[in-house]
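Structure, as C-alpha cells:
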Amino acid sequence: MLGRLRAESVPGLSIRGKLDQSDEGKPALDLAGGHKIALHGDEPTLGVLNDKRIAGVDLEAIGHYTTPTSFEVDPIHLKSMFVHKENRKLLITYWCEVCYIRTYTPGVCWCCQKYTDLDLRPANEP
Ligand SMILES: [Zn+2]
C-alpha cells in the first residue's frame, strides 16, 4: 500500500544497480556502465544496505545525489529501497514470526529479542 503510493506520488530520483558490500560498512551501488555510487542514509537505511543477506542484489534506491559519486537514500520511513527479482519489485522488510511484528531494518525484535528474518514483500501489495 505504502509502496504503491510512494512510487506514484513522490518525486525522487531512482537509481538501480548491484548492491556492492565489498568495502566493509560502505555500501555502494554498481550501476550499469561501471559507475560505482556510494550510498548514504540514516541509520536504519544503512542497516539494510549493510545486511549481508542482500549482498549483490539488484537494488533500486530512491533519493538524491549529494555528489556525482554519492547518493543519499531517502529516510527509512519513506520506504526507498527495493529489490528487483524475477521481474518483481520487492520491499525490503524484516519479520518476527514469533510476534508477527514487521520492521524495516535488521536487528532483534523489540518484543521477543529474536533476530528478525529478512522478508522481501511485493511492493504493490499491502
Ligand atoms: Zn518477536
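Each value in this text was obtained by applying a stated rule to the coordinates, not by laboratory testing. A quick note: this is a predicted structure, and the numbers were derived from the prediction, not measured. Positions of Cβ are backbone-derived with ideal geometry, glycine not excepted, and every protein chain shown enters the neighbour counts.
For the stretch 66-106, a residue qualifies if it is surrounded by 13 or more Cβ atoms within 10 Å (Cβ to Cβ) and in a loop (DSSP other than H, G, I, E, B), and the qualifying residues are Asp74, Pro75, Lys79, Ser80, Cys99, Tyr104, Thr105, Pro106.
Can you find, within the stretch 68-126, the residue that is nearest to the ligand (Cβ to nearest atom) among those that are of a type in the set (A, V, I, L, M) and in contact with a Pro (Cβ under 7 Å, 6 or more places away or on another chain)?
Filtering the stretch 68-126 down to residues of a type in the set (A, V, I, L, M) leaves 73, 76, 78, 81, 83, 90-92, 98, 101, 108, 118, 120, 123.
Imposing the further condition that a residue be in contact with a Pro (Cβ under 7 Å, 6 or more places away or on another chain) reduces the set to 76, 90.
Numbers: Ile76: 19, Leu90: 22 Å.
Here the residue is Ile76.
Are any of the residues in the stretch 50-61 under 19 Å from Arg121 (Cβ atoms), assigned to a loop (DSSP other than H, G, I, E, B) and touching a residue at least 24 places away in the same chain (Cβ under 8 Å)? Within the stretch 50-61, one or more residues are under 19 Å from Arg121 (Cβ atoms), assigned to a loop (DSSP other than H, G, I, E, B) and touching a residue at least 24 places away in the same chain (Cβ under 8 Å).
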